[in-house]
Amino acid sequence: MLSGKNIVIGVTGGIAAYKACDVVSRLKKLGAGVDVIMTGSAAEFVSPLTFQSLSQNPVTTDMFEKPLNWDIKHISLAQKADMFLIAPATANIIGKIANGIADDMLSTTIMAAKCPVIIAPAMNTGMYENAVVQKNIKSLKALGYQFIEPESGRLACGDEGKGKLASPQSIVDRIAHHFMAGEELRGKNILVTAGPTIESIDPVRYITNRSTGKMGYAIAAAAAKRGANVTLISGKTHIDPPSGISKFISVESTLDMQKAVMENFDESDAIIKSAAVADYRPKDVASEKIKKSEGGLTIELERNPDILKELGEIKGSKVLVGFAAETNDLIQNANEKIKKKNLDFIVANDLTKEGAGFAVDTNIVSIIDRSGEITKFPKMSKDELANVIIDKVTLLLQK
């Protein structure tokens with residue numbers, strides 16, 4: 001998938017340096033050529049020999065080491081790189097780049113590089129939130145440097161907060177997305193469901209939920225931008241269908257959505273079920289408006305079909321993605337859904353968190369794959385998350 005692409009990875013001095021080993025390994029498995037530059041501090045955490053074994057290339061640590069070939073090392077590596085990744089990136093290296101300081105092999109090579117540069121910070125929360133560090137990051141973003149946001153959680157120092165290096169898989173996905181953007185899903189058929197379903201009580205009233213369809217519509221748009229033939233099956237929303245999709249099907253009830261999904265299942269290479277379908281529907285629907293009376297009203301409900309479970313039973317080699325919107329036991333409930341519904345991965349979000357869930361433009365999720373690997377993401381826009389999801393779908397379709 002990354003065959004013929006050369007990635008130069010800069011590793012700086014932080015405890016997260018060991019995670020860069022996994023990044024190198026994953027990139028090699030995707031066919032990329034990898035060269036590693038380590039700072040002296042990084043070599044205190046991980047041996048250069050480890051990176052040499054994983055990358056199958058000599059590791060550069062010293063500006064003044066005796067050259068194996070007659071070239072100027074920092075220039076040759078800069079010219080060789082199709083992508084420059086710094087992971088982990090300390091506050092020190094971010095400050096050097098932002099202020100034009102080139103006093104070691106890594107910072108010198110970065111200054112000579114003309115390829116895209118992706119920076120993955122990792123540091124103590126206090127350092128990351130420091131005004132100077134944030135100013136440097138803002139300046140670099142304005143100059144076109146790309147950043148992979150650190151994750152939140154327990155840090156090596158024992159503190160809790162934002163500052164953990166992004167997971168190796170999310171870093172590799174970001175690199176793969178850069179090289180595949182635009183045409184990587186050409187010829188693939190992606191089915192996306194979105195929005196709420198509604199279940200009629202009478203001609204006036206119905207049962208529904210708070211879904212607005214924003215997440216599903218963003219996913220459909222992201223897939224279409226990469227060349228996929230997208231079928232979007234949507235409950236009632238106030239959003240216009242994204243431009244570039246191949247087919248739009250508007251549905252009302254869960255039974256309507258089930259029928260539309262099954263009719264389009266066979267031709268689909270991947271199915272992304274982001275719709276918030278109603279689990280239950282009234283057993284009897286009144287043909288006329290139910291009149292208000294003095295007493296209470298009892299509505300007997302019956303179970304709707306589990307569309308995602310049905311798809312899991314017949315998925316075969318297709319990619320199947322589910323969503324879990326929970327208010328408690330998020331990871332446990334999401335893991336159970338993966339197994340019960342035979343999913344390739346699930347996008348789990350905690351509805352109790354501010355900025356996550358329905359009727360907002362952002363989301364905070366954990367993505368769990370069928371092997372049990374959990375990747376936690378910070379708050380991001382639904383458009384950004386849509387690209388993260390399509391990155392993973394693309395990688396699965398390429399296997």
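Do you know which residues across segment 86-112 are in contact (Cβ under 8 Å) with a residue 40 or more places away in the chain and part of a helix (DSSP H, G or I)?
Quick first cut of segment 86-112, residues in contact (Cβ under 8 Å) with a residue 40 or more places away in the chain only: 86-95, 97-98, 104-106, 108-110.
Within segment 86-112, A91, N92, I93, I94, G95, I97, A98, M105, L106, T108, T109, I110 qualify.
Would you check which residues across segment 3-18 are within 27 Å of F179 (Cα to Cα), touching a residue at least 60 places away in the same chain (Cβ under 8 Å) and surrounded by fewer than 22 Cβ atoms within 10 Å (Cβ to Cβ) and list them?
If the condition is that a residue be within 27 Å of F179 (Cα to Cα), touching a residue at least 60 places away in the same chain (Cβ under 8 Å) and surrounded by fewer than 22 Cβ atoms within 10 Å (Cβ to Cβ), then K5, N6 are the ones that fit.
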Taking the residues in segment 302-321 that are touching a residue at least 40 places away in the same chain (Cβ under 8 Å) and touching a Lys or Arg at 6+ places or on another chain (Cβ under 8 Å) as candidates, determine which candidate is surrounded by the fewest Cβ atoms within 10 Å (Cβ to Cβ). N304
From V347, V360, which residue is within 28 Å of R226 (Cβ to Cβ) and either at pLDDT below 90 or assigned by TED's automatic domain parsing to the domain that holds A176 (or both)? V360
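Check segment 287-298 and report whether any residue there is touching a strand residue (DSSP E or B) at 6+ places or on another chain (Cβ under 9 Å) and of a type in the set (A, V, I, L, M, F, W, C). Before the answer, list the steps.
First, the residues of segment 287-298 that are touching a strand residue (DSSP E or B) at 6+ places or on another chain (Cβ under 9 Å): none.
For segment 287-298, residues touching a strand residue (DSSP E or B) at 6+ places or on another chain (Cβ under 9 Å) and of a type in the set (A, V, I, L, M, F, W, C): absent.
For every residue, the table says whether it meets (1) part of a loop (DSSP other than H, G, I, E, B); (2) out of contact with any strand residue (DSSP E or B) (no Cβ under 9 Å at 6 or more places or on another chain); (3) without any contact (Cβ under 8 Å) to a residue 40 or more places away in the chain.
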{"site": "K337", "(1), (2), (3)": "no, no, yes"}
{"site": "K340", "(1), (2), (3)": "no, yes, yes"}
{"site": "N349", "(1), (2), (3)": "no, no, yes"}
{"site": "G355", "(1), (2), (3)": "yes, no, yes"}
{"site": "D383", "(1), (2), (3)": "no, yes, no"}
{"site": "L396", "(1), (2), (3)": "no, no, no"}
Evaluate the following for E252: is it surrounded by fewer than 16 Cβ atoms within 10 Å (Cβ to Cβ) and outside any helix (DSSP H, G or I)? no
Between G153, G195, G216, which is under 18 Å from I367 (Cβ atoms), touching a strand residue (DSSP E or B) at 6+ places or on another chain (Cβ under 6 Å) and in the same structural domain as D383 (by TED's automatic domain parsing)? G216
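Filtering segment 43-91 down to residues that are of a type in the set (G, A, S) and under 16 Å from V8 (Cα atoms), which residue is modelled with the lowest pLDDT? It would help to see each step written out before you state the result.
Pass one, segment 43-91, residues of a type in the set (G, A, S): 43, 47, 53, 55, 76, 78, 81, 87, 89, 91.
Applying the additional criterion that residues be under 16 Å from V8 (Cα atoms) yields 53, 55, 76, 78, 81, 87, 89.
On the way: S53: 96, S55: 96, S76: 81, A78: 87, A81: 92, A87: 96, A89: 97.
Ranking the candidates gives S76 first.
Does L191 qualify as being part of a strand (DSSP E or B) and surrounded by 20 or more Cβ atoms within 10 Å (Cβ to Cβ)?
On the way: part of a strand (DSSP E or B): yes; surrounded by 20 or more Cβ atoms within 10 Å (Cβ to Cβ): yes.
Spelling it out, L191 is indeed part of a strand (DSSP E or B) and surrounded by 20 or more Cβ atoms within 10 Å (Cβ to Cβ).
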Just the residues that are assigned to a helix (DSSP H, G or I), buried (at least 24 other Cβ atoms within 10 Å of the Cβ) and among the aliphatic types (A, V, I, L, M), please, taken from segment 198-234. M215, A218, I219, A220, A222, A223
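The values are calculated or read from the model by the stated rules, or taken from the named source; none is laboratory data. Remember, it's a predicted structure, so these values are computed and weren't measured experimentally. Neighbour counts are summed over all protein chains in view; Cβ atoms, including those assigned to glycine, are modelled from backbone coordinates with ideal geometry.
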